[in-house]
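Please read the structure below before turning to the comments.
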Amino acid sequence: MTHPISDVREYLSLEPLTTRIQTHQRYSEVPDDVEGTVRQAVSLSIDADLLDVGCGTGAFLRNLAERGHRGRLVGLDTSPAAVHALSDAAGVSAQLGNAMNLPYDAAAFDVVTARHMLYHVPDVRRALAECRRVLRSDGVFAAVVNCPGTIPRVSALVAELVTSAGIDIPVVPNSRVNSDNLPEMIELTFGAVAVHRFDNALVFDSPEPVIAFAAAQLSFYGVEPDSALRPELTRAIGAKVRAWFASEAGPWRDPKGYVICTARRGRQG
């Protein structure tokens, strides 16, 4: 889900997002199935009507449809590319929309998910209230956010090179909303919240996937997709990473972690 100007431009193409997702799928130290853990966290039934706020590449909903899900599957995103990505997905509908003003009736869904997107929403409390509004009585909400300081090595590398290029780094999304502060925000909106934490690491044995992953972070550090500095910074990332692999014996290991926060709407209110 995308709201700030830099994020809107970041998600005009889903290529950087796809790179980040595939990196986590391929290079996690422990196999990491985020989609599967979300399904388990909400105890998803095959007939549940589900809204995925900030649907991104659409893979989560597409995979549910392919698994034979019978309930309504709806994706919402501010990115036209994200909506288009689901245009050919049988059994799934998608539309442009804003997390702070969901274009759905009250009590329209059994499950609402917000996976790795709340950091991009200017008013998280309002978005959470909207998610609760569209849930049916006793419906389940699930949000996924990273832990603070996740992927510290890649983050430090990108920050160093962007700063050296004279670019002012904006507030990085993960520092706004993360595992430290989201549970309390959800509790204020829903009441009781359950927090499921998953710690892991990215492990790379060669430089190229590190370079691709680091370059896919640049928009979050103030380097727009069409910036003239982007190719130069990507080359600088490549030089730094290749030099590290040439001098070090071990793999590149970057710790990471995320939480899935779940809550029920409740029958009152």
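Residues in region 99-113 that are small (Gly, Ala, Ser) and surrounded by fewer than 17 Cβ atoms within 10 Å (Cβ to Cβ): Ala106, Ala107.
Is one or more of the residues making up region 32-52 within 23 Å of Asn200 (Cα to Cα), at pLDDT below 95 and in a loop (DSSP other than H, G, I, E, B)? Scanning region 32-52, I find at least one residue that is within 23 Å of Asn200 (Cα to Cα), at pLDDT below 95 and in a loop (DSSP other than H, G, I, E, B), so the answer is yes. Over 14 Å from His116 (Cα atoms), surrounded by 18 or more Cβ atoms within 10 Å (Cβ to Cβ) and free of Cβ contacts under 8 Å to residues at least 40 places away in the same chain: is that true of Leu64 in this structure? Here the answer is yes, as Leu64 does meet what is asked. Would you call Lys240 out of contact with any His (no Cβ under 6 Å at 6 or more places or on another chain) and part of a strand (DSSP E or B)? Criteria not met by Lys240. Here Glu248, Glu208, Glu224 are screened, and the one residue that is within 19 Å of Ile21 (Cβ to Cβ), surrounded by fewer than 19 Cβ atoms within 10 Å (Cβ to Cβ) and either over 16 Å from the mean Cα position of the chain (by Cα) or modelled with pLDDT under 95 (or both) is Glu208.
For Thr19, the test of being surrounded by fewer than 18 Cβ atoms within 10 Å (Cβ to Cβ) and either touching a helix residue (DSSP H, G or I) at 6+ places or on another chain (Cβ under 9 Å) or at pLDDT below 95 (or both) is passed.
Pro170 fulfils the conditions (1) part of a helix (DSSP H, G or I); (2) within 18 Å of Met117 (Cα to Cα) except for a single criterion, (1).
The values are calculated or read from the model by the stated rules, or taken from the named source; none is laboratory data. Because the structure is predicted, anything quoted here is derived from the model rather than measured. Glycine gets a Cβ as well: all are built from the backbone with ideal geometry, and neighbour counts include every protein chain shown.
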